[in-house]
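Data first, discussion second: the structure below is written as structure tokens.
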Amino acid sequence: MHNINRRDFLKLSASGAAAATLGPLLSTQAFAAAQSAGDYKPMFEIEDNAELQLLRWTGFIKSDEEVWDKNTERFTQLTGVKVQKQSLTWTDVQPKSALAAQLGSGPDIIMGWYDDPFIYPDQLVDVSEVCDHLGKTYGGWFDVAKSYGYSEEQKRWIAVPVGAPGNAMTYRKSWVQEAGFDEFPTDFDGFLKMARALKKNGHPIGLPLGHAVGDANSWVHWVLWGFGGKQANEDNSVAINSKETVEALDYAKALFETMPPGVSSWLDANNNRAFLSGHISVAQNGISIWHVAQNEFPKLKDDIHNAANPVGPVGHPTTYNLFTQAFVFKYTKYPNAAKEYLRFMLEKEQTAPWVTAMTGYVTPALKAYSDLPIWTRNPDITPYRDVLVGSHFDGWAGKPGKAAARALNDFVIVDMFADACVNGVSSKDAAANAEKRLKDVYS
Amino acid sequence: MAVQSATRPALSTWQRTLRTLDTVNVLGPLLAAPATIILLTLLAYPLLLGVWLSLTDSTLGTPGHFIGFHNYLVLFRDPVYRGAAFYSVLYTFGAEIFKMSLGLGLALLLNRKFRGYRIARSIMLLPWVAPTVLSALAWLWLLDPQFSALSWLLQQVGLIHSNIDFLGTKWAARLSLIAVNVWRGIPYFAIGYLAGLQAIPKELLEAASIDGASTWNKFVHVTWPLLIPITTILVSFSSIWTITDFQLIWTMTHGGPVNSTQVFTTLAYQRAITGGSLGQGAAVAISIIPVMLILAWFAVRSTRE
């Protein structure tokens, strides 16, 4: 599997063999190519001399931004609206957007993370028309995507959900087989048995428990929800101190015993490095590890595979993903141009090649994009297609918003797991400690 | 008036203006005005705004309402805040002691003239002049649980058999961060002490030698007393920088594991910027001010002396 960029993709599209599977996409590409500025009918009346500043996160995969930029160029050709893009490391976007919200000045559009728009919903332009149009056109939004874009309080869309750099299990097949598992386990029990067997063979699994914003939060929420634990009830009353949470913590403790020393200090980059260097056999991650291995680790690439996250006792997937959405600040002089840009970028003509080029690194928030041929081109990509199915937002089952954002950024759930696993605190006490912290947060 | 006109020629407006300007009461404030305006705008205003925000329930993008000392009351019963306060003090106190003693030792070594001493003095400054984030990243690699060069070295010489988990447990992480801060801050003390040592009159040391004082006695009774004023300055300023250190800790641990390396600055950032609770974040930041004022008082007093 090679890194497929837009050019490769277009070549593939042109080939007869690919035409059968890429038919719908091919036609949209052809449509895009044929369309000229004169034909273009914007959905919004774009302001005269509009120019936009976009702040987004640096692509985890190089081809992401290459295709994104080409799509943007196409938008400029068709509308005359110049778009100036600034890319920052993903964790640096949040402080910058916080600054923009506080000062009332900055980029017109920001591609942010998690609950960012719910921290300052009053500052954001209503993007309901864009979301309604996209939702109707592309089979609707995944539930979790809607939670990250639609404000129940304001009864409007405050952000356009883009998608999730989703999580699945990346593993070394030979080691998993050597541990006695022909297939990657599909439930929590099997996963723990495999982890123990892998440790015995000197190939432990590795899941971060440091203050890793993405990777630590992801796996602990997956386990918590897998047992039916939750941070808050629907009315935002704290619900963490429960039998289900204690069971989740007991399970995490058992998993932690199989992991190598040091996972308690791991930040977001550690598991990628540890996996690719052979220190661990299993990591929960975006498709980036697999993607990098395909291109830069020729000796390993055939042994590295992806599988869906095992399912917990609740009986359905409970994957927790990074989630990115785009929002427009009210201080922008060109709200219509901004809305038009977001609509344009999430139309199939643009989104299909974008997602394809980055081998599905971002799973789109719109359901129709689950049919893109990229998801079935290689069975290792397929698990990432479904990461939004059954997924929850952070703070679930409470409301997305300031309290949920604060709890996430205070690492309350990660610390609860680390307290139990690393500090040796009993599961009941760890849950009770987390409850105290959450009560302060939600008060 | 006629007599005056005869003895003192009438002054033009320009001359009168110049004469007025040339008085201490006018020129002094005038020259100080730009600096005062800059200080008020860039220091006093943000400080007062911070104090005000800490008394409100402001969140990002909203002005909030006055809630008195509620944020402080919440913080004082918050175990994460209390942990951050504890580690801030430990981090500062621990780092200052080691930076001071090792910096002094280094200065005493570099105060001697040996072959290549000028190069040695320049190299010594490297940790101090390197950007904090870069040195923090380098240390992150050195202390990495899987790829630590330090662990590798210790294994090669047979001192340990498996990698040390420098940042994975509470106390190991706390001490590791102090060690990195010490590494970074030693040059500041060393260069300060070097300047202090070179300012000590040689006659005093010669007189002590003639009187039969040993090296240790010369250090205790001559050198150290003369270094005390500069020590106060160095410690005061360095303590202010250490207690407000953010980059090193944020880059290496994000305050983890389990908040064991959380300090005032990282917690303030976490609460105000990433968590959106501007009021509470401001309260965390403002709560350092009493400590800072004490340190600043020492710094100013020692500078005057």
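We did not get these values from a lab; they are worked out from the coordinates using the rules stated. Treat the numbers as computed from the prediction; the structure is a model and nothing was measured. Heads up, the Cβs are rebuilt from the backbone with ideal geometry, glycines too, and the neighbour counts pull from every protein chain shown.
Annotations
- Residues whose amide H falls under 5 Å from that of A:Asp187, counting only those 5 or more places apart or on a different chain, are A:Val311, with hydrogens built in the peptide plane.
- Segment B:197-226 versus segment A:201-266: alpha-carbon centroid distance in Å: 62
- Span from the segment B:85-131 Cα centroid across to the segment A:402-431 one, whole angstrom: 38
- Helical content of chain A, expressed as a calculated mean residue ellipticity at 222 nm, amounts to -13500 deg cm²/dmol (DSSP H runs of 4 or more residues, -39,500 (n - 2.57) each, divided by residue number, nearest 500).
- Whole-Hz ³J(HN,Hα) from phi, Karplus 6.51 cos²θ - 1.76 cosθ + 1.60, for segment B:31-44, glycine and proline x: 5, 7, 4, x, 5, 4, 4, 4, 5, 5, 6, 8, 10, 5
- Positive-end extreme of charge dipole, chain A - chosen from A:Gly401, A:Tyr150, A:Pro353 (charges on Cβ): A:Pro353
- Taking Cα atoms only, the orientation of helix A:348-357 departs from the longest principal axis of chain A by about 40 degrees.
- Dipole check for chain B: with +1 at the C-beta of Lys and Arg, -1 at the C-beta of Asp and Glu, and the Cα centre as origin, the magnitude is about 600 Debye.
- Its relative contact order, with pairs defined as Cα atoms under 8 Å and 6+ residues apart, puts chain B at 27 percent.
- For segment A:80-138 versus segment A:308-330, the inter-centroid distance based on Cα atoms is 19 Å.
- For segment B:64-70, backbone phi angles converted through the Karplus equation (6.51, -1.76, 1.60; θ = phi - 60°) give residue-by-residue couplings of x, 10, 5, 10, x, 9, 3 Hz, Gly and Pro being listed as x.
- Highest-fluctuation residue, B:Leu31, B:Leu60, B:Leu109 considered, GNM on chain B with Cα pairs under 10 Å: B:Leu31
- Helix-only [θ]222 nm of chain B, DSSP H runs n ≥ 4, -39500 (n - 2.57) each, per residue, nearest 500: -21000 deg cm²/dmol
- Residues whose amide H falls under 5 Å from that of A:Phe323, counting only those 5 or more places apart or on a different chain, are A:Tyr114, with hydrogens built in the peptide plane.
- The H on the amide N of A:Gln86, modeled in the peptide plane, is under 5 Å from the matching H of A:Leu54, A:Leu55, A:Arg56, each at least 5 residues off or on a different chain.
- Per-residue 3J(HN,Hα) values for segment B:75-85, derived from phi via the Karplus relation 6.51 cos²θ - 1.76 cosθ + 1.60 with θ = phi - 60°, read 4, 5, 9, 8, x, 5, 5, 4, x, 5, 5 Hz in sequence order (x marks Gly and Pro).
- Relative contact order (%) - chain A, alpha-carbon pairs under 8 angstrom, separation at least six: 27
- Sequence-distant aspartates and glutamates (8 or more away, or on other chains) whose Cα lies within less than 12 Å of A:Lys199: A:Glu178, A:Glu257
- Partners of A:Lys96 within straight-line reach, counting lysines whose Cα lies under 18 Å from its Cα and excluding those fewer than 8 residues away in the same chain: A:Lys85, A:Lys330, A:Lys402.
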